[in-house]
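We did not get these values from a lab; they are worked out from the coordinates using the rules stated. None of these values were measured; they are calculated from a predicted model. Using ideal geometry, Cβ is built from the backbone for each residue, glycine included, and neighbour counts are taken over all protein chains shown.
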Amino acid sequence: MTVRLLIADDYELVRAGLREFFRASDVEVVGEATTAGELINLAERTTPDVVLLSPILLGDDAVAELVRIEPRLKPAIILLFSTHRSPALIAAGVAAGVAGIIPKTTTRDGLIESIQAAADGKTVWSREELRRAGSSADSANDIEAQLTRRERQVLTKLVDGLTNKQIAQELDISYETVKEHVQHILRKIAVTDRTQAAVWAVRHGLV
């Protein structure tokens with residue numbers, strides 16, 4: 001079965017390379033978008049099966065923009081195409097029904113297989129990504145109430161991907177204090193690492 005693919009990436013070399021990838025394959029490129037607005041218009045006109053989307057094209061707030069445009073691209077399935085796999089992006093992608101994130105270092109065969117799988121309604125998220133996106137506590141509101149104001153500030157910085165040292169500098173507190181806050185956060189929301197904490201916060205709308 002031929003899969004109709006819409007490419008959304010703001011780098012011409014990337015788009016050209018992808019077109020070459022799909023020559024003599026069962027993937028037909030039906031359009032190329034370089035902005036979010038162009039992506040929406042092309043999706044309406046070309047009715048692709050799959051959209052291969054670079055999050056960079058969505059701007060600085062890619063997570064919010066992804067949530068905003070996803071309903072307007074239906075019934076096409078979205079595959080994110082990026083080497084950047086932030087906790088917030090994973091959480092937003094899973095919640096929005098995105099089929100997965102494909103690294104830009106993937107092979108031609110691997111990329112085509114992922115596109116075909118997405119077109120067939122299959123997920124290409126790894127088990128680890130789904131586990132992290134799905135990890136949550138039973139009551140987000142109760143847990144949020146248990147977090148101190150400073151812990152919520154630290155949690156916000158975790159979502160932004162900052163290191164403990166960077167958080168200490170941003171909040172003007174010591175490195176050791178940040179470590180202590182992070183440990184308290186992990187214990188209170190019942191997760192085991194920083195990535196799970198960031199995903200949990202995004203999924204529950206706490207940041």
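Worth pointing out:
- Cα-based Lys pair tally, the chain, threshold under 21 Å, eight or more apart or on separate chains: 7
- Given charges at beta-carbon only (K, R positive; D, E negative), |dipole| of the chain in Debye: 420 debye
- For the chain, the residue among A96, T177, I69 whose Cα projects farthest onto the positive side of the dipole built from Cβ charges is T177.
- For I77, the residues 5 or more places off, or on other chains, whose built amide H falls under 5 Å of its own are V50, V51.
- Under the convention that each Lys and Arg Cβ holds +1 and each Asp and Glu Cβ holds -1, the size of the dipole of region 140-203 around its Cα centre is about 80 debye.
- Rg/Rh ratio calculated on Cα atoms of the chain (Kirkwood radius): 1.04
- Modelled spin labels at E12 and D60, positioned 7 Å past Cα toward Cβ, are 2.7 nm from each other.
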